[in-house]
1. Look through region C:378-395, keep the residues that are surrounded by 24 or more Cβ atoms within 10 Å (Cβ to Cβ) and hydroxyl-bearing (Ser, Thr, Tyr), and return whichever of them is farthest from the chain's Cα centre (by Cα).
2. Could we say that residue B:422 is closer than 26 Å to residue B:460 by Cα, acidic (Asp, Glu) and within 11 Å of another protein chain (Cβ to nearest Cβ) here?
3. Are any residues in region C:118-130 touching a Leu at 6+ places or on another chain (Cβ under 7 Å) and either closer than 17 Å to residue B:509 by Cβ or small (Gly, Ala, Ser) (or both), and if so, which ones?
4. Only one of these conditions is not met by residue B:488: (1) in a loop (DSSP other than H, G, I, E, B); (2) more than 7 Å from every other protein chain (Cβ to nearest Cβ); (3) at pLDDT 90 or above. Which number is it?
5. Looking at region B:339-355, can you tell me whether even one residue there is assigned to a helix (DSSP H, G or I), among the β-branched types (Val, Ile, Thr) and closer than 19 Å to residue B:78 by Cβ?
6. Among the numbered conditions (1) touching a Leu at 6+ places or on another chain (Cβ under 6 Å); (2) on the phi > 0 side of the Ramachandran plot, tell me where residue A:25 comes up short.
7. If only one of C:201, C:175, C:189 is more than 14 Å from chain A (Cβ to nearest Cβ) and among the polar types (S, T, N, Q), which one is it?
Amino acid sequence: MIINSYQPTSEDILKSMDNCTKCGICNSYCPVSNVTNQFPGPKYSGPQTQRFRSLEDLVEISPELCNGCGVCTSVCPNEVAITDIITHAKSNLNNKNKKISFVQTLLNRPDTIGKLGNIFPALSNFILHNSFFRYFASQFFHLDSNAPLPNFHGKKFKKFLEKIKIDSNKKNIIYFSGCAVDNYDSEVGIAVIKLMSNLGYNVITNTDLCCSLPMLSSGEWDAAINRSKKLIKSLSRSLDLAEIIISTSTSCSLTIKKKYSAYLNFTDPKSAQISQSTKDICEYILEKHTDLLAKRMKPIDKKIFYHGPCQLRSHGIGQPAVELLRLIPKISLSLSEADCCGIGGTYGYVKGRNEISELIGRSLSEQIKFHKPDVILCDSETCRWNIEKNSGIKTLHPIQIILESLNV
Amino acid sequence: MSKTNKNMPKIIVIGGGATGCGVARDLVLRGYQTTLIEFGDLGSGTTSRFHGMLQSGARYVVSDTPYAAECFRERETISKIAPEAVELIGGLFISLPNDPEDYPEKFIKCCEIAKIPCQEIQIDEVLKKEKELSNNILRAFQVPDAVINSWQLVNLLAKDIKANGGEVLTNHKVVSIKQHNNLVKSVEVIEKNGFKKILECDCIINASGPWSGKIAKLVDQEVELQLTKGSVMVFSHRIVSQAINRCRIPSSNDIMCPSGTVCLWGTTSEIVNDPDTTKIRPEEIQELLIGAEELFPKIKNYRSFRAWAGVRPLVKPKNFDKNIPLPRSHSVIDHSENGLKNFLTVCGGSLTTHRSMAEDVVNKLGNKLGINIPCSTDTIPISNSKNAKWTPSSYFQKIENQKNFNDVVCECEAITKTDIEEIMKNENLFDFHDIRRRIRVGFGPCQGTFCNSRLAEIVVNHKIDIDIKKSILNFWSERLKGSIRTSYGDQAKQILLSDYIHQENFGLRLTEENSEKDDIRA
Amino acid sequence: MNTDVIIVGAELDAFIASIRLQELGYTSRVLANGQGSYLYSSGNIKVLDFKENNNSDNKTFPFFIEGLPSAHPYKLIGKDNVKQAIEWFFNHQISNKLRYEYFETNTFTISPIGLKIPSYGLYFNQINFENIYNKDITIIKFQNQKDFHAELIAQSIKQYVNTIEILNVVQPDTNQHSDSSSLAISFDNLSSPDNYFFNINKKINKKTSVVIFPAVLGLNKYMEIIRCAEKTFSKKCFEAPTLPPSIPGIRLNKILEREVLKKNYIHRGSHILKANIENNKCLSVVDNFKRIIKARAFIFANGGILMGGIKVKSNGEIVEEIFDSKIQNNNHTKCEKSYETLNALQTSGVLTDNKLKPISNSNNQLENVFFTGRNLSNWNPSLELSGEGVSIASGWYSANNISSYLHD
């Protein structure tokens, strides 16, 4: 049907409400409606109400409670783009009735916050993790005091990049680092460079770009357009030098693959080329280098627990990180059965929504307590921060363990 | 305050469609003691089976200009007296390359004569607004078409009739009419539960639409009708924002009319003998799709979740020529010309002109009885609320405000348990279909797949004695009758899901005997 | 990413085939559009309504197959294979996790509106008519629960029981919805189910000997919870089904998925658009991200018309789009009555040989492609009550056939 096409547009998304047979499977799997009765569920907020939104202005609050995990769309047997329909509603509500909240405006700009905070990272970290500040922020800015805030890493990643030498014998590959790696998770970025160099690539890193997913998820689409265009311009230039763009955030890569056409109607050839050339790092390595890895990986003496982020499902690629980890000899690997850790990107940072995130994350917490792993792996940054905070166990990106296993 | 007066004659109106309800309302407002008798539920005949338009009259402006002028006047009146049932969406008349070239000029001239506002619009403006229209349209004319919710209309009329002292008897079948000395004396009716009654009267007005002939036969009278069946397909979203008509002599496959959240495309046209013929032949769906494709090239990709048919009762004039299209204006037949002094029939016309039809026949009645009370149905509003408007999303808005998401029974139309319990309190309901027609349960795209058993649970909870298996099967079977006609694409999935739930999961069995019973007419 | 077999679809047959292939030593990858149709089932395994649906004198399993028409899937698969497949299922640890019990001459369970459904297998403490004859029954209903039809069930079964009453109780967590999945998750999250049941026990009539719950007693912890209820009440406790989607179906789904994910992979949100064929062999399938996924054999278990494996066009034409397979089209558009139209739609499907391999419209027989479940023609799951039986048999059988094919 229409949704099967590679680049569905806004119109395709909204028309997909017709495919709904009301089967209710989406409601059975929605992590939010299964824990709170404030959110009516994806079937109701999505295709059901959409039939009426197109007629007249409804004053709605409930679509805001959708955390954008995309689980509903991945279980729908009728190809209804449920999450996207609800996000369209959020955007319309922003335009017509409500102004976006101050805290959401802040959260929608992680690249700006990152840059500012990294001017004096030590000071920024002190303030951010100070309980008085957290209380103050919770009361006045509605930033939940329980929200998992990361640490500013200063210019650690950029300094590492400066030391890299280009080897003309190697093949080029583009790495879209994203705001998390640029500002908070430099270790992941460093691991990517080391791993890909080891596999025979020159890594061309595009830093200081934001995929604008927080803006898209919360409905602030006008602001998202500029940021997205900047990203496309930058990556487009890089595509003169290489064929593939890899990303270490399953959320960012999903945005580039699918959301620019679905929400912003970017259907020009440049955007289409970038969508098709972007891959999750594990997806790419699995396609090209399994034989090499299988030969060279050494055992890891750690009990590993892997949680596939909810947005990974929307890629339709299964769990490539698991396939790679299973190449490690004698690996002790257990898999999460939870659909969502609860944080939902910036969703769980807002006061009042963090409780919902906690309730959603209960199942995952229980599984972690049961398996007692040494390290937890997850392909998406806010999920990692959330899981590490709740479990107290070090949470890394899968490629960090893969790198370790190669003894590089 | 009841307007009826014990000193006024007792009038029985046979037929509870728009016409019958309009007649009964006119009667009570003039003070007559009035009883309305309807075989099924109000509006379950032709009234609910049309294409949804409260037309401007432009459709008939060339073929029957006086009728078109009447339509326009009535459209203005009804939109003022019943705003909750009307949406003023406007309409376009579109010329395609294979349409007769001289028709548009005739169209413009006749609109002027009939005083119907008509303005030509630039094609690129039209295509910008109506993205689904084919690119090769030639000309477009804007007219003030509107959309009417016929269920809402008859319900409002019935409420007003009762508020003014009239009686409304639904689910009553007319068994016989007693006459004596060229006068009708009484009507014998039988209720659905088998209970018989005799109602005395001073006059009868026969407003039973396509059944007018059958009713007239009960008193050995003739009403010559040309019955034509027309089928309509429902598309599950608003493909267009206003009514789209073909700019040509009225024929089949002419109208796409949005109505609430759906879009109705119609109609076909086929002469039938039996007013109860509402079965759609498979070829009719193909005909409708091919006709729609001319205006909307992508129509076959869209989901149609139901099709229905209604029978138009047009009166055969005395000099009937098969080759000339029948006049659309209504007829009032005074049967005293054939020996029965107090029996009148009103038929023909359309939903748009139901009020003026009622006015005419009640005026005629007044003349015969020497009672000269003027008609006031054109000025007194049917609805009570001042800011009334048609708000299909009102149910959703209510739930969003109250946050009682749990309460929702019919998900497609956002009907809650509380809404249903309200209806059950206030009215005498025989079966699920009565509830359905009042409050749209089962009207949406899933056609009762999920709300069916939930409704049964509520009804049983209220200690209403029903045969569960039969009721659930009946409701499903009736919804299936219409929804299975368009079982292609996503609708095929819906039909099979509905089958899974009712037969494979619930354990019901749909057979020859229990499918498509005739006594469920709507 | 080397896989032996690609299985397209998320039906019961898809998972059965994957698990069977794993036993025979082959890897598989399940590419699922969304979830499958057995989420609508009440959890009971239906093989055939022996009494109504066969023409032979023998009304037992597996001899009922003799009375079926020759083109019926059971006949294509063969009596011995059907017997082996069904026995394999009930002896496998997957059905043991839910303690499925089977009855060779069918037993009767209760449907969501209280009617008798002949079933071959019931899960642990699924209500059986044998349990209620002449007993004193209490049916538990949660307040505001609208998907459990306690009144309808009570009305329908009252002729078989001694006394029956309905007890309205408060749900475990009043901040949640009262739909089936929210209730099930709240039971999973109950810190002390004994307390909860203890409070209910106070309100149950002492005379009652059988308590019937709606089928929502937990998603993952069902066995514990129902045993806890029985222990607390000292009465037999059973589950009766709710309106679909149903929790027992989801429980079975989770168990099957868990089994597949031990060694194999499931891609959610994966839409297959076409196949690459050469010399009567399917080499790979292509999804909506233009990814080419290779394998040595393929099973299409994507649910027929109901779940989108087969499409119906507006002119009544029925098509299978990936291989353009020959279709048995029973002309549903020409039928007069609804029940005929339904039967025509249900019995239309892909024509296959007795190995379940399709023939294309251009008369090519592909050697490594198999169709299963609702894709097949000449059977009607609603009238025959044979949905799960045909799924299990065709899934298991096609896995065996692939094993022979790959072995050669």
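1. If we take residues in region C:378-395 being surrounded by 24 or more Cβ atoms within 10 Å (Cβ to Cβ) and hydroxyl-bearing (Ser, Thr, Tyr), then C:394 is farthest from the chain's Cα centre (by Cα).
2. Numbers: closer than 26 Å to residue B:460 by Cα: yes; acidic (Asp, Glu): yes; within 11 Å of another protein chain (Cβ to nearest Cβ): no.
Judged against the criteria, residue B:422 is not a match.
3. Taking region C:118-130 and keeping what is touching a Leu at 6+ places or on another chain (Cβ under 7 Å), we get C:118, C:123-124, C:128.
Hit for region C:118-130 is C:118, nothing else.
4. The single condition residue B:488 does not satisfy is (2).
5. Here is the first cut: in region B:339-355, the ones assigned to a helix (DSSP H, G or I) are B:354-355.
If we keep only those that are among the β-branched types (Val, Ile, Thr) too, we end up with none.
The answer is no, given that none of the residues of region B:339-355 is assigned to a helix (DSSP H, G or I), among the β-branched types (Val, Ile, Thr) and closer than 19 Å to residue B:78 by Cβ.
6. Of the numbered conditions (1) touching a Leu at 6+ places or on another chain (Cβ under 6 Å); (2) on the phi > 0 side of the Ramachandran plot, the odd one out for residue A:25 is (2).
7. Details: C:175 fails: more than 14 Å from chain A (Cβ to nearest Cβ); C:189 fails: more than 14 Å from chain A (Cβ to nearest Cβ).
Unique residue meeting the criteria: C:201.
Here is a yes/no grid of residues against (1) in a strand (DSSP E or B); (2) buried (at least 17 other Cβ atoms within 10 Å of the Cβ):
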site: B:198; (1), (2): yes, no
site: B:222; (1), (2): no, no
site: B:244; (1), (2): yes, yes
site: B:253; (1), (2): no, yes
site: B:257; (1), (2): yes, yes
site: B:275; (1), (2): no, yes
site: B:280; (1), (2): no, yes
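The values are calculated or read from the model by the stated rules, or taken from the named source; none is laboratory data. Everything quoted here is computed from the prediction, not taken from an experiment. Cβ atoms come from the backbone with ideal geometry, glycine included; neighbour counts cover every protein chain shown.
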